[in-house]
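Reading through the structure tokens given below for one structure.
None of the figures in this text is laboratory data; all of them are computed from the coordinates on show. It should be emphasised that the depicted structure is a prediction, and the values quoted were computed from it without experimental measurement. Here the Cβ positions follow ideal geometry from the backbone for every residue, glycine too, while neighbour counts run over all protein chains shown.
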């Protein structure tokens, strides 16, 4: 007994086709001197993007958005944990009264402020 439906027979799998308005149909050949090519290759390695994507983003947008560094990811994770702790403290303060939780909330708020200042300096 064959359990395949007509849709399964026609499905080729793989990546779906891009819409017509997103297709890049016009190639442009660009030459770089050695120093600028080296800069582009370093940026390509640093961002993990292919060279063609780097050149395209620079030509269209004027900049390439680089991914977060390991340190920044660590700070974001830490900030997320602190926000979770702050939420738990706020719930406890609502249950038991704010005066008992004021010191803990103040300390945690100070840590969050320090981390946000460090993150904004990057």
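Over the chain, what is the mean sequence separation of C-alpha contacts under 8 Å (at least six apart), divided by residue count, expressed as relative contact order in percent?
14
Obtain the nm distance between the two label points defined at residue 84 and residue 40 by a simple spin-label model: each point lies 7 Å from its Cα along the Cα-to-C-beta direction.
4.4
In degrees from 0 to 90, rounded to the nearest 10, what is the angle of the helix 98-121 Cα long axis to the longest principal axis of the chain?
The angle comes out near 30 degrees.
So if I take the alpha carbon set of region 24-101, get Rg, then get Rh from the Kirkwood formula, what is the Rg over Rh ratio?
1.38
Using alpha carbons only, how many degrees (0 to 90, rounded to 10) separate the axis of helix 34-47 from the longest principal axis of the chain?
The answer is roughly 50 degrees.
Distances over 18 Å make up what percent of all Cα-Cα pairs in region 70-121?
For region 70-121, the share of Cα pairs beyond 18 Å comes to 36 percent.
Measure nothing fancy, just the Cα-based angle from helix 51-60's long axis to the longest principal axis of the chain, in degrees from 0 to 90, nearest 10.
Its long axis makes an angle of about 80 degrees.
Percent relative contact order of region 70-121, based on C-alpha pairs within less than 8 angstrom and at least six residues apart?
43
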